[in-house]
Amino acid sequence: MDEEYDVIVLGTGLTECILSGLLSVEGKKVLHMDRNDYYGGDSASLNLTQLYRKFRPDQTSPSELGRDRDYAIDLVPKFIIASGELTKILVHTDVTRYLEFKQIAGSFVYRDGKISKVPSTEMEAVRSPLMGVNMDNDSMKSVYEKFGLEPGTQDFIGHAMALYLDDDYINKPARPTYDRIILYTSSMARYGKSPYIYPLYGLGELPQSFARLSAIYGGTYMLDKTIDEIITDADGKFIGVRSGEEIVKAKQVIGDPSYFGAGQAKEGGKMRVVEEDKVIRAICILKHPIPGTEDADSVQIIIPQNQVHRRNDIYIAMVSSTHNVCAKDVYIAIVSTIVETSTPELEIKPGLDLLGPIYDKFVSVTPLYTPTSTGTLDNIFVTKSYDATSHFETVVEDVQDVWTRVVGKDLVLKKREVEVEQ
Amino acid sequence: MAKQYQFKLVLLGESAVGKSSLVLRFVKDQFDDYRESTIGAAFLTQTVALDDGSTVKFEIWDTAGQERYKSLAPMYYRNANCAVVVYDITQPASLEKARTWIRELQRQADPSIVIALCGNKLDLAARRQVTQEEAQKYAEEEGLMWGETSAKSGEGVASIFTSLAKKLPQTAPPPQTRGGGAVRGAPGARAAVDLNSNTNGGQDGCNC
Ligand SMILES: Nc1nc2c(ncn2[C@@H]2O[C@H](COP(=O)(O)OP(=O)(O)OP(=O)(O)O)[C@@H](O)[C@H]2O)c(=O)[nH]1
Ligand SMILES: [Mg+2]
C-alpha cells in the first residue's frame with residue numbers, strides 16, 4: 001500500500017459508493033475501504049446469517065425460513081422515486097446495466113383508522129388548485145385556507161404526496177411542496193402502480209453497482225479492513241489512514257460518520273460529527289401480505305403524524321420474493337419513524353398493528369449523524385447518515401453537496417459513452 | 001427460426017492467472033504481454049454460432065480487479081448463467097483459489113449456473129505444476145466442465161467457450177424467463193421496468 005491516492009473513501013454505503021464511482025470516472029485515483037466484509041455499510045442488504053450476526057450474535061437463523069442465499073434484507077427502508085435524482089444518476093452512469101428494477105406495487109395512506117390507496121383522481125384534484133398560487137410568497141397554510149382544504153386532505157397532500165415527515169412545510173413557501181407533488185405525480189405516471197421502483201435482490205445492489213463502476217475506472221477496493229486512525233498533520237489537515245501497521249496516504253478522505261467518531265465517547269479530539277435525531281426501524285418478517293393492501297407484493301404505507309397524534313410520520317415499506325429479497329411466501333416489512341420519546345418501540349405500534357401476525361422482528365434505534373464542518377479546510381469530508389425519508393432524494397443531495405466540496409465545482413452528470421465492445 | 005440465446009458469463013480466479021487475457025483473446029483474438037486492465041468496459045460481448053444454426057451471445061463480465069483484496073461484490077455473479085473459473089497451470093496455489101471460488105458459487109450463485117474450470121498458460125507447459133489428472137479429477141467430482149488454454153497462443157480458448165455455449169441452452173432455463181442484466185429488455189421480458197425509456201417497462205425496451 002505504498003501508493004498515494006487522490007481520494008480514500010471509507011465505508012461502502014450508497015452515498016460513498018456513488019461518490020467513488022463518479023470520482024473514478026472523473027479520473028481520480030480512488031482507494032475504497034470498509035471495515036465490514038460485505039458491501040453497503042448502513043445501506044446494506046443482509047442475508048439471514050448476516051442479519052442474525054448483526055442483531056442476535058448468539059443465535060442462528062431458523063432453517064424454516066429457507067435458504068440463506070434467497071435473502072437480501074435491507075437495513076434502511078427506502079424506495080427509488082421513478083423520476084427522482086437517483087434514477088438520473090443511475091441512467092447517466094449506465095449503472096442500470098448491472099441492475100434490474102421492478103415497481104413497488106402499491107402506495108397507501110392511513111386515514112381515519114384504516115389504510116387506503118393513494119388515489120390518482122385525488123392527486124389531480126389537489127394539483128389544479130395549486131396552479132393559481134404565487135409559489136414563492138404564499139405559504140402552504142394560506143394555500144390550504146384559500147381553497148378550504150380540510151385537514152385530512154392537507155395530510156394527504158403534505159405527507160402522502162409531498163412526502164414531508166412533519167408539518168414544518170406548512171408555514172413555508174408553496175414552491176418546494178409544489179415541486180415535490182410534481183415529482184410524485186410524474187413518477188406515478190411513469191410506471192403506473194406507485195411512484196417507486198426497487199432493484200431486484202435488494203437495495204444493497206445499488207452500492208455494489210457503483211463500486212463496480214469505480215473499479216472499472218481503476219478504483220481499488222478493500223473490504224474487511226479495520227481503520228484504526230485518521231492521520232492528520234499539526235494543522236489538523238488530512239494525511240492518510242492507518243489500518244493495523246499499514247499507512248495509506250491520500251489528498252482527501254471521504255467517509256461515513258462511523259469512521260469519524262460517531263457513537264464514540266469523545267476524548268479531547270476534534271468532534272467531526274453530531275447527532276441530530278434518532279430513527280427507530282423494525283425489520284419484520286411476515287408470512288403473509290399486509291392486510292388491506294389487496295395482497296400487494298410490495299407497498300409503502302404512510303401514517304401521517306396527525307392521524308396518530310405525533311410530530312413525525314410513521315412509514316411502512318414492504319417487499320417480498322417478487323423482488324428476490326426473501327423466500328417465497330415471506331414478506332419483509334420495515335416500520336420506521338423519527339424517535340420522539342424514551343419508549344420508541346411504543347411509538348411504532350400503530351404501524352406494527354397494521355401488519356397482522358409478525359413472525360420475527362429486529363428492532364434498532366439509530367442516531368442520525370451530520371458533519372460539523374464542510375471539510376474544505378482539513379480535507380476530511382464526512383457524509384450523512386441515512387435519514388427517515390422513504391426515498392433516496394436526500395442521499396443524492398448529500399452526494400452533490402460532498403462532490404462540490406471535494407472537487408470544488410458542482411456535479412454535472414454527463415451521459416457516459418456506451419462502452420460495450422462488440 | 002434459428003434460436004438466439006443470451007447468457008451472462010463471469011470470470012473468476014486469482015489475480016494474474018489470465019482472466020482478462022482470456023477475454024481479450026476470445027473477443028478480439030489479441031494478446032498483450034504487458035496489459036493494463038481494461039478501463040471503463042462494463043462488459044464485453046461475443047457471439048458463438050452453433051452447428052444447429054442457433055447462436056449464443058455471451059455478455060462477459062471481468063472482475064475489474066475487485067477480487068484482488070477479497071472484495072468482489074456478490075452482485076457480480078448473482079445472476080450469472082455461467083462462470084469460467086481460471087487457474088494458472090504453473091501456480092498450484094491458483095488452483096486452491098479456484099476451488100474457493102467454486103465453493104462460493106455453489107453456495108451463493110444460482111443453482112443452475114454452469115461452471116467451467118480453466119487451466120490457463122498452457123504455453124508454459126514446461127513449467128507445469130498442476131497436472132491435468134489432478135484438475136480433471138476435481139472437475140469431475142464437482143460436475144464442472146474442464147479445459148486447458150493459452151491466452152497467449154490462443155490454444156483451447158475458443159473451444160472452452162464453445163463447449164459452454166453448447167451446454168448452456170440445455171441446462172439453463174430459457175433466457176426470457178430469467179432475471180439479470182443479460183436479458184434486460186428482451187422481448188416478452190417479465191414486468192421489469194426500463195429506466196432508459198420513458199414509458200412503461202412492459203414493452204420491448206431494448207436500447208442496444
Ligand atoms: N505465458 C502466458 N502468459 C499469460 C497468459 N495469459 C495471461 N498471461 C499473462 O499473465 C499476466 C496476467 O494476465 P491478466 O489477463 O491481466 O490476468 P488477470 O487474471 O486478469 O489478473 P487480474 O486482473 O489482476 O485479476 C499478464 O502479464 C499476461 O500477459 C498465457 O496464456 N500465457
Ligand atoms: Mg484482469
Check: Taking the range A:332-343, which residues are surrounded by fewer than 19 Cβ atoms within 10 Å (Cβ to Cβ) and either touching an Asp or Glu at 6+ places or on another chain (Cβ under 9 Å) or assigned to a helix (DSSP H, G or I) (or both)?
Finding: A:GLU340, A:THR341
Next item on the list: Among the residues of the range A:44-90, write down those that are open to solvent by 30 Å² or more (accessible area, probe 1.4 Å) and under 15 Å from A:LEU206 (Cβ atoms).
Entry: A:GLU85, A:LYS88
Margin query: Being open to solvent by 40 Å² or more (accessible area, probe 1.4 Å), more than 30 Å from B:PHE43 (Cα to Cα), of a type in the set (A, V, I, L, M) and not assigned by TED's automatic domain parsing to the domain that holds A:GLY21: is that true of A:ALA189 here?
Written below: yes
Notebook entry, point to check: If you go through the range A:176-193 one residue at a time, how many are touching a residue at least 40 places away in the same chain (Cβ under 8 Å), on the phi < 0 side of the Ramachandran plot and within 11 Å of chain B (Cβ to nearest Cβ)?
Noted result: 4
Notebook entry, point to check: Within the bounds of the range A:323-331, is there any residue that is within 14 Å of chain B (Cβ to nearest Cβ), assigned to a loop (DSSP other than H, G, I, E, B) and β-branched (Val, Ile, Thr)?
Noted result: yes
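Which members of the range B:137-167 meet the condition of being more than 16 Å from ligand 2 (Cβ to nearest atom) and either part of a loop (DSSP other than H, G, I, E, B) or open to solvent by 80 Å² or more (accessible area, probe 1.4 Å) (or both)?
Residues satisfying the conditions are B:LYS137, B:GLU140, B:GLU141, B:GLY143, B:LEU144, B:SER150, B:SER153, B:GLY154, B:GLU155, B:GLY156, B:LYS166.
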Check: On the given criteria, is B:PHE7 away from chain A (no Cβ under 12 Å), away from ligand 2 (no atom under 12 Å from the Cβ), open to solvent by less than 10 Å² (accessible area, probe 1.4 Å) and at pLDDT 90 or above?
Finding: yes
Note to self: I'd like the residue in the range B:110-128 that is outside any helix (DSSP H, G or I) and within 14 Å of ligand 1 (Cβ to nearest atom) and, out of all such residues, is surrounded by the fewest Cβ atoms within 10 Å (Cβ to Cβ).
What the structure shows: B:ARG128
Notebook entry, point to check: Quick one: B:TRP146 ticks every box in (1) away from every other protein chain (no Cβ under 14 Å); (2) more than 12 Å from ligand 1 (Cβ to nearest atom); (3) under 22 Å from A:TYR221 (Cα atoms) bar one, so which box is it?
Noted result: (3)
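For the range A:226-236, check the following and say yes or no: at least one residue is in contact with a Leu (Cβ under 7 Å, 6 or more places away or on another chain) and either among the aliphatic types (A, V, I, L, M) or farther than 22 Å from A:ASP401 by Cα (or both).
Yes, there is a match, as at least one residue in the range A:226-236 is in contact with a Leu (Cβ under 7 Å, 6 or more places away or on another chain) and either among the aliphatic types (A, V, I, L, M) or farther than 22 Å from A:ASP401 by Cα (or both).
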Checklist line | Residues that are within 12 Å of chain B (Cβ to nearest Cβ), out of contact with any helix residue (DSSP H, G or I) (no Cβ under 8 Å at 6 or more places or on another chain) and farther than 20 Å from A:PHE381 by Cβ, drawn from the range A:19-58 | finding: A:ASN36, A:ASP37, A:GLN50
Check: Out of B:ALA42, B:ALA73, B:ALA64, B:ALA80, which single residue is within 12 Å of ligand 2 (Cβ to nearest atom) and closer than 23 Å to A:VAL95 by Cα?
Finding: B:ALA64
Checklist line | Meets criteria (more than 14 Å from chain A (Cβ to nearest Cβ), out of contact with any Asp or Glu (no Cβ under 9 Å at 6 or more places or on another chain) and within 30 Å of A:GLY40 (Cα to Cα)) for B:ALA126 | finding: no
Item checked: Selection status of B:SER54, touching a residue at least 40 places away in the same chain (Cβ under 8 Å) and polar (S, T, N, Q) -> yes
Check: Which residues, counting only those in the range B:37-78, are among the basic types (Lys, Arg) and surrounded by fewer than 21 Cβ atoms within 10 Å (Cβ to Cβ)?
Finding: B:LYS57, B:ARG68, B:LYS70
Checklist line | Residue in the range A:303-315 that is touching a His at 6+ places or on another chain (Cβ under 7 Å) and either in the same structural domain as A:ILE230 (by TED's automatic domain parsing) or of a type in the set (Asp, Glu) (or both) present | finding: yes
Note to self: Can you list the strands (runs of 3 or more DSSP E) lying wholly within the range A:18-127 that have 1 or more residues being more than 26 Å from A:ALA296 (Cα to Cα)?
What the structure shows: A:30-33
Next item on the list: Any residue in the range A:145-174 that's not assigned by TED's automatic domain parsing to the domain that holds A:ASN134: show its pairings with residues that are not polar (S, T, N, Q) at Cβ separation under 9 Å, as long as the two are six or more apart or on different chains.
Entry: none
Notebook entry, point to check: Is there a residue being open to solvent by 70 Å² or more (accessible area, probe 1.4 Å), away from ligand 1 (no atom under 12 Å from the Cβ) and either within 8 Å of chain A (Cβ to nearest Cβ) or in a loop (DSSP other than H, G, I, E, B) (or both) anywhere in the range B:11-26?
Noted result: no
Margin query: Testing B:THR100 on (1) open to solvent by less than 10 Å² (accessible area, probe 1.4 Å); (2) more than 16 Å from ligand 2 (Cβ to nearest atom); (3) hydroxyl-bearing (Ser, Thr, Tyr), one condition comes back false. Which one is that?
Written below: (1)
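The values are calculated or read from the model by the stated rules, or taken from the named source; none is laboratory data. Predicted model only: the values in this text are computed from it and were never measured. All Cβ positions, even for glycine, are placed from backbone atoms using ideal geometry, and neighbour counts span all protein chains on display. Side chains included, ligands, DNA and RNA excluded: accessible areas come from the protein's heavy atoms. Shrake-Rupley method; radii C 1.70, N 1.55, O 1.52, S 1.80 Å.
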